[in-house]
Amino acid sequence: MPDEEEGKALHLHNLGDLFLQRFSSSKSDNDLSSALETLRRGVTIATGAHIHRGTALAGLARALILHDPTDLESAITLLREAVNLPFSLPQLRAVAFKGLGQALETRYQRQRRAADLDAAIDAHREAAELIPDADPNKVDFLRHLAVSIHTRYSSITHSIDDLNSVIAVSRRCVGLPRASSQPGALEDLGTALWQRFDMMGDLRDVDEAIETLEQANRLAPQTPSVLATLGISRLVRFERLGAPEDIQAAVAAQQQVADLVSDDDRSAKSGALHNLANALQMRFECAGALEDIDSAITAQRQAVELLKDEDPKKFMALHALGTAYHRRYDRLHEKTDMSASLACKRAASRAMPTGHPQEALVLNGLGAAWLLCYETDHESDALDNAVTALKRSVELTPDAHAHKGMRLHNLSRALSERFAVHGNEADISDAISAAQKVVASTPDFDPWRKAVALNHLGGYLMRRFEAYQEAADVDDAISVMQHSVDLVPADRIESATFPANLGKAYARRFELTQASADIDKAIKYLGAAQAPSRPVFTQFASTVMWARLCSKHRGPSEALAAYQVVLGQTRQLIWQGSKVYRRLEDIEKIREVFPEAVAVAISAGDLATAMEWAERGRCIIWSQMRLVLGAPIDALKGVAPKLAEELESVSLELGQSWNADQLRFSRYSSPDSEAAQIGKDQRRLAERHEELLKEVGKLPGFEHFSLPKGIAELRGAACDSPVVLINVDKSRCDALALVPDSEDIVHIPLTELSHAKAQKLLTSLVEILRQYGRIRSGSSSRAMRMASQRLSTAETLQNILGRLWTLVVEPIMDALEGKFRQPNGDKLPRITWCANGPLAFLPIHAAGIYDGAAPGRDRARVFDRVVSSYAPSITALLNAQRLEHISVPRVVAVSQSNTPEAAPLPGTVEEVRIVQKRLPNLTWLDGASATRKAVLESIKNHEWVHLACHGLQDSENPMKSAFMLDDGDLELLDIMREPLPHARLAVLSACQTATGDERYSDEAVHLAAGMLMAGFKSVVGTMWSINDDDAPVIAENLYEHLVNNMDSNSDHSAYALHNAVAKLREQIGENEFMRWLPFVHVGA
């Protein structure tokens, strides 16, 4: 065909287009070169006003872009010329406009100039209008228009007008004849609809979005983009309505997408993991399964790692990861999660482009992270940073935006906290004003969010009331909180918080008004807040307040019932899936509740309940260890062998997860570290362990398998001698005694004792011991430092022991007169002490009058009347008593005179030689032969163990308490994990082996209690550091008595120690309290 023929240019365009089509599949440079050559000829022929010049220019522009991306500017120039030329058909001109739109979009992606995107949208609009609705290609043109507008919405404007335009164009597209067979058009509409719902909150949008996307999914199953958008839509509807089927469908859809997307597509894989993490996080917030939030963090972290630093989506992935850490912190209160959340949010803020549409979102998250940091560390700079970020977030958020209320809520929280710190009235006024705006902007059709907003407003009003005591504030608080309670759905897991806060407000107003109606309502609403709720410690505090109000303003029976609920909640507070230091900190929060409850039960005359409650509050962590590492499952094996096998296996794994080496770095390690993974495994195992225990409890005869012992079992501890439990509470102090041959509990009111007096005695003792270096941490020598003011020390200790006698021991001895079972011969009767609070650290076994100024007071020393033992709990004592007596024990002794990195203990070798004279067949591990492995094996295979070495006490993590040996520390956990069927007597001739910690008075966090819990029948330990010269004296007399009584049918370790200490006292003098007083017997 000659060049001058009019159709030649169109023919060349079509040929060039064919070359391009073949190039799209072949990727052959020859095809692309042929296309360029052919299309250039067409442009050369179609000059001036040629009817096909526009078509030729558009074709050449397309080829240029494919040939070399740097030719984009030339291509845009050609396309701008083309769209202004005449075309033989409007459809051809539409193609040119579409090409221009696509080229401008490409330049926008490279240069980020908003004007390019605006021009691209105009070009796509022109293209779409040129195509008649009947044209089957109309759908494609409208989709390009919708996508370009949506790009402007998501990247630049975040404008509702753009989103409305996307929906309008997508509706037009879906309404066309061929659209029903194109899932992409349905996906576009569904995406825009859920996003408009997220912005404006109209439920009709999200319902339509889900319906539209489900239609798209039916047309194109297994399409990742459709499934992802459907999952997001179900998730946002769940956030509003809370329907369980929505969250389950959301997680399933996003998991499917994550499985479908190739690992090679890093960007798409990151997006899929991000969406999956969001769904898992929301399910965690709903159902509380820790596995979900752990999995969410893992997925979100992978999503971040897949993106390069320069990726524009990186900052949002970091933001989301920070939010996931925040949510886990809300549950576990691990400081590492708080730190990780703040680090991620700060990184997201730094990586975010200036002026990005998501700036308000990111700043809100950053402010929330700073607020959490303040609530954890109480640093005022963090609070100021929170207020600054949150104020800016609110300023950037349009009033009509669906998240404006949430951002105002966070700002009001930060302002309220800052008012509490600095007392600036403007802060609390601004907090209340912001909270009022949240209430006003929350639609009535969303009762949950409305209730939350009202509840927080009431809280800020109460905070201002506490500061200025204006009655109007408490009245207003009660009014809005009442409205909140009336609105909140009863099935929300957080719902108990609302009546609890209302009850607290009524209680505070009662203090002003003394109106009976106020206290009645306080008790009513606090009592109504007992359904399982989160956060659990917040609910627990409300329950305790309810119980205390009942105790003060109601009768004993109502108070007793209230404390029954309180103690029922404590089991879920101290969770074995938490790290040990976390559990000890949590115990510190609840430690006052148990003696309170016991005091209430005593006041109500229910001594059996008082005894049970006192026992329940003791050694919670040790009991958990015992349940995991030493649960008696032999009987279970005969009934449910498979269940028993799994319980045994899970218990073993859970015990291994507490490995001491792993626990060394558990508090401060990174949340991405090996320790964090161990923590996750521990939580999974703890959850499964709880499930298995519930299954066991359903079996006939095993209903009480994992429950605290009742009074019928506890009475058995007093089969031969009294067991005295002493309860020290701020309201009253009492002793409860179990005695032989009686089912009655002996109640002994300690009317002269108070909590304050007991605390004063403890403070005096601790001051002396610290002053003279007798109690300490670490591996310092057990050899005592001689006191230069011995007389002053003796007088102070004499006073402490005298006060213990008159306030505590004497009334107990008098009340128990005639209730002891008299032993054979001239032996003294035994007694076992189990005290709480300050008395847990005081030497009750040495109480007495030592000044000689008590005429007529016969035997006014406890050791003249009874042989004393201690028990960390009655349950532990029962377990020890069940162990049969061994008449010919195998004995191992360990001595460490020169432990590496520790002070010398030269007296230990002589000490063991003395023991060897009494027990010539003993196994002796000395110095380098006393390795951890050797000592542990010997403990397993011997009945008696004598340890003359340094001891390490770790009150923060008692399982890490250890004996220092030649090749390292033998930790208590290592011993507890081993079966010890032979263990009977452990003599711990090491420093401070029975020293507790004031913070955890009822936990008995010391080596002696730990050895008892590990399976020994009796343990001899010391309350503080001893003199090297005294240890051999005690050892010689202790073992002399034990050897002389080996043939007896009873264990004599308590009597042996009693006699040994008496011999030492005779040698050094009674007033050398610091030397003879620390030796104690623990167990049976």
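The values are calculated or read from the model by the stated rules, or taken from the named source; none is laboratory data. Note that this is a predicted model, so its numbers are computed, not measured. Cβ coordinates were reconstructed from backbone atoms using ideal geometry, including for glycine residues, and neighbour counts include every protein chain displayed. Side chains included, ligands, DNA and RNA excluded: accessible areas come from the protein's heavy atoms. Shrake-Rupley method; radii C 1.70, N 1.55, O 1.52, S 1.80 Å.
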Next on the checklist: I'm checking my understanding of the structure. Among residues of segment 926-946 that are more than 22 Å from L1012 (Cβ to Cβ) and not hydroxyl-bearing (S, T, Y), which one is surrounded by the most Cβ atoms within 10 Å (Cβ to Cβ)?
Outcome noted: A930
Next on the checklist: Test of understanding: among A243, A299, A289, A253, which residue is within 27 Å of the chain's Cα centre (by Cα), of a type in the set (G, A, S) and modelled with pLDDT of 95 or more?
Outcome noted: A299
Next on the checklist: Exactly one condition in (1) touching a strand residue (DSSP E or B) at 6+ places or on another chain (Cβ under 7 Å); (2) open to solvent by less than 10 Å² (accessible area, probe 1.4 Å); (3) in contact (Cβ under 8 Å) with a residue 40 or more places away in the chain; (4) not hydroxyl-bearing (S, T, Y) is false for L973; which is it?
Outcome noted: (1)
Item to check | Test result for I293, touching a Phe, Trp or Tyr at 6+ places or on another chain (Cβ under 6 Å) and closer than 20 Å to A343 by Cβ | outcome: yes
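Residue under question is V387, and the condition is that it be within 21 Å of R463 (Cα to Cα), part of a helix (DSSP H, G or I) and open to solvent by 10 Å² or more (accessible area, probe 1.4 Å); does it hold?
On the way: within 21 Å of R463 (Cα to Cα): yes; part of a helix (DSSP H, G or I): yes; open to solvent by 10 Å² or more (accessible area, probe 1.4 Å): no.
Taking the combined requirement at face value, the residue does not satisfy it.
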Checklist outcome for this item: In segment 522-539, anything surrounded by fewer than 19 Cβ atoms within 10 Å (Cβ to Cβ) and modelled with pLDDT under 90 is listed as A528, A531, P532, R534, P535, V536, F537, T538
Checklist entry - For residues in segment 746-765 being hydrophobic (A, V, I, L, M, F, W, C) and crowded, with 17+ Cβ neighbours inside 10 Å, which is farthest from R715 (Cα to Cα)? => result L765
Checklist entry - Right, S412: among the hydroxyl-bearing types (S, T, Y) and either closer than 21 Å to E379 by Cα or surrounded by 19 or more Cβ atoms within 10 Å (Cβ to Cβ) (or both) or not? => result yes
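Of all residues being of a type in the set (S, T, N, Q) and over 22 Å from L839 (Cβ atoms) in segment 694-745, which is surrounded by the most Cβ atoms within 10 Å (Cβ to Cβ)? Just the residue, please. It would help to see each step written out before you state the result.
As a first pass, look at segment 694-745 and keep what is of a type in the set (S, T, N, Q): 706, 721, 727, 731, 742.
Subsequent filtering for residues that are over 22 Å from L839 (Cβ atoms) retains 706, 742.
On the way: S706: 17, S742: 13.
Per the criteria, the residue is S706.
Of all residues in segment 199-215 being open to solvent by 10 Å² or more (accessible area, probe 1.4 Å) and more than 16 Å from D246 (Cα to Cα), which is modelled with the highest pLDDT?
Taking segment 199-215 first, the residues open to solvent by 10 Å² or more (accessible area, probe 1.4 Å) are 199-200, 202-205, 207-208, 211-212, 214-215.
Checking which are more than 16 Å from D246 (Cα to Cα) leaves us with 199-200, 202, 215.
Numbers: M199: 84, M200: 85, D202: 87, Q215: 92.
Going through the qualifying residues, I end up with Q215.
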Item to check | Enumeration of residues in segment 73-88 that are open to solvent by 10 Å² or more (accessible area, probe 1.4 Å), closer than 22 Å to F19 by Cβ and not hydroxyl-bearing (S, T, Y) | outcome: L78, F87
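State whether one or more residues within segment 934-954 are part of a loop (DSSP other than H, G, I, E, B), farther than 30 Å from M611 by Cβ and at pLDDT below 85.
Of the residues in segment 934-954, the ones part of a loop (DSSP other than H, G, I, E, B) are 942-943, 949-950, 953-954.
Imposing the further condition that a residue be farther than 30 Å from M611 by Cβ reduces the set to 942-943, 949-950, 954.
Subsequent filtering for residues that are at pLDDT below 85 retains 954.
Within segment 934-954 (the criterion being part of a loop (DSSP other than H, G, I, E, B), farther than 30 Å from M611 by Cβ and at pLDDT below 85), the answer is yes, since at least one residue qualifies.
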Next on the checklist: Please go through segment 540-572 and give me each residue that is over 18 Å from G503 (Cβ atoms) and crowded, with 18+ Cβ neighbours inside 10 Å, ordered by number.
Outcome noted: L560, L567, T570
Checklist entry - With respect to the numbered conditions (1) in contact (Cβ under 8 Å) with a residue 24 or more places away in the chain; (2) of a type in the set (A, V, I, L, M); (3) open to solvent by 10 Å² or more (accessible area, probe 1.4 Å), which one is the sole condition not fulfilled by V474? => result (3)
Checklist entry - Say we look at segment 865-919 and pick out the residues that are under 43 Å from the mean Cα position of the chain (by Cα), β-branched (V, I, T) and over 30 Å from L816 (Cβ atoms); which of these is surrounded by the most Cβ atoms within 10 Å (Cβ to Cβ)? => result V894
Checklist entry - Would you call L1038 assigned to a helix (DSSP H, G or I), under 22 Å from L1012 (Cα atoms), touching a residue at least 24 places away in the same chain (Cβ under 8 Å) and not small (G, A, S)? => result yes
Checklist outcome for this item: Of R509, R413, R449, the only residue that is in contact with an Asp or Glu (Cβ under 7 Å, 6 or more places away or on another chain), at negative phi and touching a residue at least 24 places away in the same chain (Cβ under 8 Å) is R509
Checklist entry - Pick from segment 422-464 the residues that are of a type in the set (D, E) and farther than 22 Å from V387 by Cβ: which of them is surrounded by the most Cβ atoms within 10 Å (Cβ to Cβ)? => result D446
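Please indicate, with yes or no, whether at least one residue in segment 363-375 is open to solvent by 30 Å² or more (accessible area, probe 1.4 Å) and modelled with pLDDT under 95. Explain how you work it out, then say what you get.
Restricting attention to segment 363-375, the residues satisfying the condition of being open to solvent by 30 Å² or more (accessible area, probe 1.4 Å) are 370, 375.
Remaining after also requiring modelled with pLDDT under 95: 375.
Checked against the condition, which is being open to solvent by 30 Å² or more (accessible area, probe 1.4 Å) and modelled with pLDDT under 95, segment 363-375 yields at least one hit.
Being in contact with a helix residue (DSSP H, G or I) (Cβ under 8 Å, 6 or more places away or on another chain), open to solvent by 20 Å² or more (accessible area, probe 1.4 Å), more than 27 Å from M316 (Cα to Cα) and among the basic types (K, R) narrows it down to one residue among R143, R196, R218, R171; which is it? Working first, answer last.
Working: R143 fails: more than 27 Å from M316 (Cα to Cα); R196 fails: more than 27 Å from M316 (Cα to Cα); R218 fails: in contact with a helix residue (DSSP H, G or I) (Cβ under 8 Å, 6 or more places away or on another chain).
Criteria check complete, one pass: R171.
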Checklist entry - Residues in segment 329-345: is at least one in contact with a Pro (Cβ under 7 Å, 6 or more places away or on another chain), of a type outside the set (D, E) and open to solvent by less than 50 Å² (accessible area, probe 1.4 Å)? => result yes
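Is it fair to say A517 is within 18 Å of E592 (Cα to Cα), over 20 Å from the mean Cα position of the chain (by Cα), open to solvent by 10 Å² or more (accessible area, probe 1.4 Å) and without any contact (Cβ under 8 Å) to a residue 24 or more places away in the chain?
Values: within 18 Å of E592 (Cα to Cα): no; over 20 Å from the mean Cα position of the chain (by Cα): yes; open to solvent by 10 Å² or more (accessible area, probe 1.4 Å): yes; without any contact (Cβ under 8 Å) to a residue 24 or more places away in the chain: yes.
So A517 fails the test.
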Checklist entry - Is it true that some residue in segment 282-296 is open to solvent by 10 Å² or more (accessible area, probe 1.4 Å), under 28 Å from P447 (Cβ atoms) and of a type in the set (S, T, N, Q)? => result no
